[in-house]
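Asker: Sharing a structure, written as structure tokens. Questions coming.
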Amino acid sequence: MKSAIYTAVNEGLARALRTPPYLILFVSDTCWMHCAHCWFNEEWKKEHLERRALGFDDYERMARSLGRVAFLSLTGGEAFQRPDIVELATMFRRTARVSRYQIPTSGYLTDRIVERTEAMLQKNPDTPFRVDVSLDGVGEIHNLQRRVRDGYSRACATITALRGLKARYAHFDVGVITTISNVNQHQVDEIGAEVERLNPDGEWMINITRGEPRDPQAIDVHPNMYRRADALIRERTEAGRMPGHGGHQTAKWLTAKNVARRQLILDIVEGRREGGGCSAGALAGVVYSDGEVHACEMLDDPLGNVQDFDGDLAALWRSPRAKALRAKIQRTKCQCTQECFLSTSMLIQPDTWPKMVRARLELAQGTRRGRPGVPSPSPG
Ligand code: SF4
Ligand code: SF4
């Protein structure tokens with residue numbers, strides 16, 4: 001019964017909105033890192049990327065087919081590696097009326113990232129923009145996980161430099177993302193302290209290693225370490241030391257959503273939550289660099305390739321194949337911890353709404369009481 005309702009809701013939303021309002025575009029296949037936790041690795045690319053890479057004109061055609069985009073993530077690989085990233089972001093913002101956009105980055109080439117970020121801010125003065133820099137450890141642990149010699153010092157320098165832009169542009173925000181893996185899970189407390197030092201008035205987002213990472217052992221994360229990171233964020237937020245997202249009027253709702261989402265992730269990891277109700281393929285979608293469209297980053301079944309639809313993502317999105325995949329996702333009660341897709345799925349899962357509202361009120365009032373049972377930072 002529930003899956004039939006979710007199927008109808010998702011199909012209705014996909015039709016009404018025409019294209020995913022939460023759109024993730026892989027605009028680059030290459031990267032400055034070689035992360036142990038990366039699923040977007042050589043083997044994945046060899047298996048999946050079969051067609052020519054989309055060019056600027058292809059993206060422009062696709063942008064013209066889009067309904068309103070509430071959130072656009074330009075990712076890869078490393079999106080800042082594209083020489084035309086400023087023009088690409090600006091074109092999407094204008095053509096698809098993007099409400100908010102974001103670029104995740106390793107933070108490796110500080111000058112290039114800062115220069116291109118500032119150009120985007122100037123060309124798109126009314127559109128909230130966030131750059132999220134990855135910090136996966138303090139010192140050598142970051143370099144070990146990212147498999148690059150000087151990644152840590154460069155990521156820190158980039159966060160600091162981007163914060164300089166944040167002070168000058170009200171529509172800009174800087175976040176820090178940590179992907180917890182078997183490499184860095186013992187260092188959660190130290191990473192939390194470092195993030196607070198580097199980016200005290202921004203959001204610290206934590207991800208869990210997923211998919212088939214470059215190092216298969218990277219996925220061995222103990223839930224207690226994720227719980228510990230969640231507890232650290234809550235403690236700091238409640239104490240008013242880390243106010244979370246900024247840069248637009250709904251930013252605090254994103255922070256509240258992340259509070260509820262972390263609890264959801266723990267419920268999923270520890271088997272307390274039934275599957276079903278994922279909005280991937282309806283509210284959210286992914287386009288890889290060769291134009292292949294997926295409901296999410298985890299499922300292998302493609303919905304099709306925009307190159308076969310003359311760039312028209314709306315036509316692909318309403319195709320029988322897309323409809324069948326949306327139904328399959330509900331029928332199989334698909335479930336995972338992918339953070340982006342949980343965010344949009346929470347919008348159609350009514351049982352998560354009170355949690356978000358509660359978190360928002362507690363953030364506003366600063367009255368959230370400490371919860372017992374904050375675990376020790378030990379994986380066993
Ligand atoms: S996780 Fe991201 S930064 Fe690391 S290798 Fe993969 S694409 Fe590059
Ligand atoms: S639950 Fe996860 S794997 Fe399944 S469709 Fe949603 S995002 Fe994809």
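The values are calculated or read from the model by the stated rules, or taken from the named source; none is laboratory data. Values in this document were obtained by computation on a predicted structure and should not be read as measured data. As a convention, Cβ positions derive from the backbone with ideal geometry for all residues, glycine included, and neighbour counts pool all protein chains shown.
Asker: I'd like the full set of residues that are within 16 Å of ligand 2 (Cβ to nearest atom) and either among the hydrophobic types (A, V, I, L, M, F, W, C) or crowded, with 17+ Cβ neighbours inside 10 Å (or both), limited to segment 44-77.
Answerer: Those that are within 16 Å of ligand 2 (Cβ to nearest atom) and either among the hydrophobic types (A, V, I, L, M, F, W, C) or crowded, with 17+ Cβ neighbours inside 10 Å (or both): W44, F71, S73, T75.
Asker: State whether one or more residues within segment 271-282 are part of a strand (DSSP E or B) and either closer than 22 Å to N207 by Cβ or within 16 Å of ligand 1 (Cβ to nearest atom) (or both).
Answerer: yes
Asker: A follow-up question, please. Can you report the number of residues in segment 155-210 which are closer than 19 Å to R241 by Cα, surrounded by 17 or more Cβ atoms within 10 Å (Cβ to Cβ) and of a type outside the set (K, R)?
Answerer: Here the count works out to 20.
Asker: Looking only at helices (runs of 4 or more DSSP H) that lie completely in segment 283-357, which have at least 3 residues being within 13 Å of ligand 2 (Cβ to nearest atom)?
Answerer: Working: elements: 313-317, 320-331, 339-346.
Passing ranges, in order: 320-331, 339-346.
Asker: Right, here's the next one. Is it true that R82 is farther than 29 Å from R146 by Cβ and of a type in the set (D, E, K, R)?
Answerer: Taking the combined requirement at face value, the residue does not satisfy it.
Asker: Within 26 Å of V98 (Cβ to Cβ), away from ligand 1 (no atom under 16 Å from the Cβ) and either at pLDDT 90 or above or of a type in the set (D, E) (or both): is that true of L303 in this structure?
Answerer: Working: within 26 Å of V98 (Cβ to Cβ): yes; away from ligand 1 (no atom under 16 Å from the Cβ): yes; either at pLDDT 90 or above or of a type in the set (D, E) (or both): yes.
So L303 passes the test.
Asker: Condition test on R82, is it of a type outside the set (D, E) and either at pLDDT below 95 or buried (at least 17 other Cβ atoms within 10 Å of the Cβ) (or both)?
Answerer: Yes: the conditions hold for R82.
Asker: A further question follows. Any residue in segment 224-244 that's without any contact (Cβ under 8 Å) to a residue 40 or more places away in the chain: show its pairings with residues that are surrounded by 21 or more Cβ atoms within 10 Å (Cβ to Cβ) at Cβ separation under 7 Å, as long as the two are six or more apart or on different chains.
Answerer: Between residues of segment 224-244 that are without any contact (Cβ under 8 Å) to a residue 40 or more places away in the chain and residues that are surrounded by 21 or more Cβ atoms within 10 Å (Cβ to Cβ), the close pairs are D230/R262.
Asker: Right, something else. Which one of these does L264 not meet: (1) away from ligand 2 (no atom under 12 Å from the Cβ); (2) crowded, with 18+ Cβ neighbours inside 10 Å?
Answerer: Status for L264: all satisfied but (1).
Asker: Another one. Would you confirm whether any residue within segment 97-109 is surrounded by fewer than 24 Cβ atoms within 10 Å (Cβ to Cβ), away from ligand 2 (no atom under 16 Å from the Cβ), touching a residue at least 60 places away in the same chain (Cβ under 8 Å) and among the hydrophobic types (A, V, I, L, M, F, W, C)?
Answerer: Yes, the conditions are met somewhere in segment 97-109.
Asker: Would you mind finding the one in G202, G211 that is on the phi > 0 side of the Ramachandran plot and either in contact with a Leu (Cβ under 9 Å, 6 or more places away or on another chain) or at pLDDT below 95 (or both)? Outline the logic, then answer.
Answerer: Working: G202 fails: on the phi > 0 side of the Ramachandran plot.
Among G202, G211, only G211 is on the phi > 0 side of the Ramachandran plot and either in contact with a Leu (Cβ under 9 Å, 6 or more places away or on another chain) or at pLDDT below 95 (or both).
Asker: Quick check on segment 247-261. Is at least one of its residues surrounded by 22 or more Cβ atoms within 10 Å (Cβ to Cβ) and over 18 Å from the mean Cα position of the chain (by Cα)?
Answerer: Scanning segment 247-261, I find no residue that is surrounded by 22 or more Cβ atoms within 10 Å (Cβ to Cβ) and over 18 Å from the mean Cα position of the chain (by Cα), so the answer is no.
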